[in-house]
Each structure stands twice: as C-alpha cells, then as structure tokens.
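In what follows, a structure is listed as structure tokens, so that the remarks can point back to it.
The values are calculated or read from the model by the stated rules, or taken from the named source; none is laboratory data. Since the structure is predicted, the reported quantities are computational estimates derived from the model, not experimental observations. The accessibility values were calculated without ligands, DNA or RNA, using every heavy atom of the protein model including side chains. Shrake-Rupley method; radii C 1.70, N 1.55, O 1.52, S 1.80 Å.
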Amino acid sequence: MTRKRFRPYRWFAALAAFSTLLVLGGAVAVAKPRAKAATKYEPAASEGSSPSEAPATPPAPDETPPAQPADSPSGTPTEVTPADSTSTATATSASTGMETDEPINKKDQAKAVPDESRPPAEPAQPPPPDVEAIPATGVTGGGAPATQTLVPYVQHLAPESFPGRLRGLYGGSLWLEPSFDGLQWPYMAHTGVGVSGNFWLDSGYETIKRDRMQYQDGNGQTHIFQSSSMYLMQGRGVLRVTPTYVHGRFFVQGQAELVGNLCQATNDGSAVNPAVNTVCTSAGTFSTDDLWIRVGHWNIWDLKVGRFEGWEIYHLGMGMDQYTLERMGAGMFGLDDTRTGQSTSPAQLEAPSLYGVNYLHDRPTDGLAVGYIALHAYVTQWLRFENLVKLGSNNYRNDSSPTTPGVAPTLSLGAAQSNEAGSYFGERLTAILDVGSSKFKFKLKIGGEYQKRTPVMQDPYTSPNDMSPKDPVANNVQEGVGASMQFVIDPFVEFGVNAAIGRQEYTNAYGSSPNGPNYTAAMPSNYTTKSVGGFANFRLADLWLVGLGLNLTEQTDQYKYIPTGVGDYTSHLQGFAALQYLLGGQLFIKATFGFAKAYFQPSDPSLPIDPTTGLSPKGSNDWSNYMYSGRIRLMYIY
C-alpha cells in the first residue's frame, strides 16, 4: 500500500513568493507616502534654527503619538497636548551652541501632526495601580514617551522601547511573550546604544515514577526501569546591547545578547571528575542568544539576518518555560535501551517532545555556520507576516565521509550514527492577526515550515569497479503546520488554544530501501508528531496571577515488525498550575506545579494487536511514566 506523503512545502514556494513580493512591493509603494507622512513630525524651522536639523521622532511601532507613561495611581494614561504653553527642558542656543535651562515656549514650535496613514492605535496597557512600569527587557513592554528630550548616546532602554498595544494581562504570559506578537522591538527613537536584559533563577524538585520495574521484549531481552527523584537549581542572566541608527522611520539596528549560566560544573567523566555532566553542555562559559542585524522602516517592514527566534505560534501559558522540569516531562532520560529485541538498535524509545511549529522557531543550535534570514511585512496595524529562511552547515570543516569501498556514509541524527557534516535549507511562514481594544483582544496565529538537511560531501565510491564519487542520497526532511487562537478580557482573564502537526522523514545513504543495509535503524527517525493544548490565566488581584495549562502530544514512528505492521507509539500528557506575585512591581515570584504522563507502546511481534485501534491491548507490554514537579522562579527585568 502506497503511503500518501505529507508535503505542505509544495505550497510553501508559492506562498513564500507571494509574501516576498508583497513585502518588496509594499516597501517601494508605501515608503514614499510614508516618508511624506513622516515629515509631518518635522518641526517648522524657527528663528535661528538650521534647516538641516534631524526630523522629530515618529511614534513607536503601533503606538499612538506620545503619551505620558501610565504610572499614576489611577493607572490611566495622560495624553500630551501640543497646546501646552510651556515646558522646562535643556535647550541649545542656535547662536552660541551652548545648552541653557530656559523655559521653551511651545507656541514657537510646530505642533506635532499625527500620522494619518494609519488609524489611531490603542495606548499601551498601564501597570496596576501604585506600580511603576517595568523596565525594558526582551519580554516586557510599556507606553510611548511623554516628551522629546535630549538623550544620552548609551542609554538604558525604558518601557517605551517595547511595543505595548494589544498586550495580554499585565505581567501575564501573553504580556511576557518574547516575540511581542511579531511587532518590532526594541524601538529606539534616536541613534544610540540601548542596554537591557533580565535574570531568572529556578529552584525545584522532580520525581518520576515508572509503573513497570522491568520489560521483556519479543526476543526475551529484559530491560530494567527504575524510578527517579532529584533537586534542581538553574538560572540565566542576559545582558542585551542594541546599537541603532535612526533617521525618521528608517533604521539600522544590531543586537547581541550575552548569556551567563548558573551551571558551572566541570565534571567530564575523567578519574578526577568521574560523573559525566549532561545538564549544562557549556559549563563555566558565557554563551550567546541573539546576534543579528536588522534594517527597515518602523512599522512598515524590516529584514533581519543572524541568530534569533522566529515568531511564536504555539503559546504555552505561565508554565512549561524553556529548560524547565515540566517542559521535559516524564521521559526515560537515558534509562536503558527500550527498543525491542535489537542488539544494534538505534536511540531508545523516548517520550515525545511537544511540537509547536518549532523546527525553525528556536534559535539555531546546529553549528557555527547556521543562521536565519527573516523578512517582515507590517501590512496594517493588525496584520503582519514573517518569511524566515534557514541556511548553513552544522560542521563545514568536518569532512568525515568514509572511503571504504562498499560503505556508504550516514547522516548524523544522534550519537549512534556517524558525525557526517550536513547542510541545511528551510523556510517558515507565519501570519498574525491581532485585533481588539484596550478591554478585549483577539489574536490568530498560523504558520507552516519545511527544512531539508543533506550531507556536505559527496558519497565515496561504492565498489572497486566504480571509483567516481556520487551525489549524496541521504537526507532528512522536517515539515509541519500549526495555528493558535488567543483571547484577552482585560484585566480579568486571558486564554487560548493551540494545535500543530509535524513530520520527519529520514532517508539513509542506501535510499532507506526495505532490503537495504541499516533499514531497521533508519525507521525510528521517520515519525509524525501531533500536539494540541490550551492555557488560561486569571487575575486574582492587582499583583497576583494564576495560570493553568494542559498539552497532549502523540507520536508514531515507522519502526515496526513485519508480523504486526504497527509502528512504535508514544504519547505525552503535560499539565501545570502556576501562581505569580509581582513584588514591588518589579520582581516576578512564580510557583509552578507540574504533572506529566508518558505512555509507551513499542512495536513487538509477541504482542496481540487490537484490529480496531491497531495497538496492543493495554497492560500487555506497554508502560507509563508519571512525573511530579515543583519549582519557584525569581525573575528580574531591567
């Protein structure tokens, strides 16, 4: 029976071409009118002023013209009117070039005219009463600046540097969402160098119970399972530096994030340090998160190149943060080889990881020569697109192809296979619809992705009679689609639902022929993953939030015994409950309690098969893991 191949990338090319032409055409068609609109912010030349002075600053992306930050006890933003008679500021004398602290008569300045090319946007969400706005960070935002004053070249990025329109509950998971729903961040109104960052520390405990102490496969091989428990502390600190050149709406921007890790273990498995460290692979060193350059026009378009995250589609809520216990769930974590009856079996059967259209979402970790190129289009205030391309090589200096006649190389997918250098090319398309008012907001996010990995080197000669190298046959394809819907009823509740499906197809150097070498070892690397889930966050009081979340992931691979015709099946149910308090309006204190159940049913010829489900009866040779965890996170944003 021929299996119908899942190939959404056939429409990726057409959609990519459409989005690219949309951006480029829009940039050309809109840039000139927007440039004229931007001149509305230029002050008229007053007496003694130079006509070459830089234009006044346009509003931040998707923000109203400048308004006072909403840090008053009432929490209500105060609009700044151009008709204010006077304001005290540091002024520069046109005749002497000296700075004087003289009152400036605003009647002598040109009144700022709003940008009429877009409808007025909702003001940024204010903090709760008696709470100071949280400083700038990669995961926070705020309102627009109140007045245009002289600023230092190196400056700490204030809340107005980060988009705040149509955010979620103040301090909640949607409000902290790292990609800001695709909006441009950080926004800098003036040329200079911005500084920001954050710290977080987790302290927690985890226990995993396995309901079978041992498992015997179809060949009589016994596998021993043990339960486990552990304490854990981990943390990261990020220093973000963002140099920016600004002229009107046009900008050129770079960003680097220096990351310090709490884990400083140096054990390496030697006689001095016998325990091999598997927790922090870069122990004792600093690492990098973001490293990119971006060019564009504020609120119109931009092109970003380097290392960064794509726009988020699948939102998890206040739990299951990256690197956390509840995110890892109830896995086997290296506990014996659970593959059935193969002495040379590939990687063990493991609890499936949640799929959220994230093959090309996370920052690339494939090697020193892999990065992203992303083109962003801001069609309207409510609709935006991202076309992200991945390209590079994971190890372009490691030409490790074997040269033994009759031996073909393999494409590395894990420790059990050779370290063959691979070249990557992929594309990820995302669209975000973001509408609403200050009280009710709706967000729709949809996207798809495709990437292919092939060997860098040609295959060596395969027989003494044919000495010529051949183009590589091995490849690994990953593709998937997903969507989410999110609702915010401010300031009471925010909630959302997600769904995604992804597939990986691996072909070895022999074409993954059923009669070819290493066919059995290749089959577990061919699998389909489905994830569905949802979250809800509720405000208990001004500084208190509670969050709930639940996600289910199922995975089926093609590793199967001929008598059964059924592949391995695993599932992973992960849930959490979180309680958060914002101490002093600045320090996030969050307690998270996690639960996970991982179910495993390997393909085994000795097991009877239920013809209605295609699976073995429960309790035959399947098993489950149960994970219970708790952690407390401290997070400070600056």
Probe 1.4 Å, all chains present, heavy atoms only: residue 365 accessible area in Å², nearest 10, is 120
Measure of exposure for residue 622: accessible area at 1.4 Å probe, Å² rounded to 10, is 10
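Using a 1.4 Å probe and counting only protein heavy atoms, arrange 485, 635 so the residue with the most accessible area comes first.
Values: 485 80, 635 25 Å².
I get 485, 635, largest accessible area first.
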Which of 209/560; 452/530; 304/452; 390/445; 304/590; 304/470 exceed 25 Å between C-alpha atoms? The answer is 209/560; 304/590; 304/470
Subtracting the Cα-Cα distance of residue 440 and residue 542 from 0.36 nm times their residue separation yields 34.9 nm
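Just by accessible area at a 1.4 angstrom probe, what is the order of 227, 629, 287 from largest to smallest? Before the final figure, lay out the partial values.
Details: 227 60, 629 15, 287 35 Å².
Sorted by accessible area, descending: 227, 287, 629.
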With every protein chain in place, the accessible area of residue 595 for a 1.4 Å probe, in Å² rounded to the nearest 10, comes to 70
